[in-house]
Amino acid sequence: MSTGWSGVPAGVRDWAIAVGVAATLLVTALSERPSGMGFALLGQALLVVGGLALVWRRRTPVRVLVATGLCAVGYQAAGFDVPAVAFLFAVYAAVREGHRTVTVVASVAVLATLPLAALASGLHDTGEAFAQARGALEIAWLIAAGAAGEALRQAERRADEAERTREETARHRADEERLHIARELHDSLTHQISVIKVQSEVAVHLARKRGEPVPDALLAIREAGREATRELRATLEALRDDDKTPPHGLDHVSELVERFRMTGLDARLTIEGQRHHVSAAVGRTVYRIVQESL
């Protein structure tokens, strides 16, 4: 069972933060006694709405940014000198989701509107209004919230890129291993099965040429060799990935002949005419034909 804050579902964490911010703002507001009591309930409602709006900051960060900014301006106009904490949370969430331009525009708008809202309350002169607006939304805290959101966004992006890189590396290694297995199987199993098939074909041919009855077991071996060759080649073609690592082709035929000569086979390679470019599939087929013939 998960323990600690990280083990709590995201929805529960969002509600806890939103309720905590709303409660903190409301308690701060209740400790004040604005003279314009006609707007006290409206200001308190805006404080609560601004805090609770943070519940949706992950799903709709821009809307929450706008809502918390309007609420901050609204309760400042209602005479509540309360910091715009909810708006700072919204700035962090919006920047984290990559909405930097919208966040800058909204922040500038709120910074410009807060003094006017304080003046509209009728409780302060111009100097006091600017001082109250500065206290409600410190530029340093605003920059810190945006910087924290951007830092976390970059960290998450790098983590995602690292995860994709690990997956691609693992997939590439698996493809290389699959290709290696396919070639090893082809070089060993296909060659041996081809030898069995050729020997059974020769035995059947000689028996019929001499007018001798062909044993059913020999016919069964010939048919089984043919079927095994077809199925094995089809399977190996599915395993092979020739786009990443080129297989043996015409350029390797001379090495193949030389390898068989070293085993004692009297084999010679003769090339006549001018060589033309052929596809990788044709080159691979030629190599396999020569290999199985040898």
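The values are calculated or read from the model by the stated rules, or taken from the named source; none is laboratory data. In this text, all values refer to a predicted model and were calculated from it rather than measured experimentally. Glycine also receives a Cβ, built like all others from the backbone with ideal geometry; neighbour counts cover every protein chain displayed.
Here are a few things to note about the model shown:
- Hits in the range 1-52 - residues which are modelled with pLDDT under 75 and under 17 Å from PHE80 (Cβ atoms): GLU32, ARG33, PRO34, SER35, GLY36, MET37, GLY38, PHE39
- Among the residues of the range 53-91, the one identified as in contact (Cβ under 8 Å) with a residue 60 or more places away in the chain and aromatic (Phe, Trp, Tyr) is PHE89.
- Qualifying residue in the range 94-108 (condition: under 18 Å from VAL19 (Cα atoms) and among the β-branched types (Val, Ile, Thr)): no
- When ALA29, ALA18, ALA90 are screened for being surrounded by 17 or more Cβ atoms within 10 Å (Cβ to Cβ), more than 19 Å from VAL110 (Cα to Cα) and touching a Lys or Arg at 6+ places or on another chain (Cβ under 9 Å), only ALA18 passes.
- Qualifying residue in the range 60-75 (condition: modelled with pLDDT of 90 or more and part of a loop (DSSP other than H, G, I, E, B)): yes
- Unique residue being farther than 23 Å from ALA29 by Cβ and in contact with a Ser or Thr (Cβ under 7 Å, 6 or more places away or on another chain) when the list is VAL62, VAL95, VAL105, VAL91: VAL95
- Qualifying residue in the range 219-239 (condition: in a loop (DSSP other than H, G, I, E, B), modelled with pLDDT under 80 and of a type outside the set (Lys, Arg)): no
- Residue tally, condition at pLDDT 85 or above, small (Gly, Ala, Ser) and surrounded by 16 or more Cβ atoms within 10 Å (Cβ to Cβ), over the range 94-138: 3
- Those residues of the range 248-286 which are closer than 17 Å to VAL195 by Cβ and surrounded by 10 or more Cβ atoms within 10 Å (Cβ to Cβ), in sequence order: LEU256, ARG259, PHE260, LEU265, ALA267
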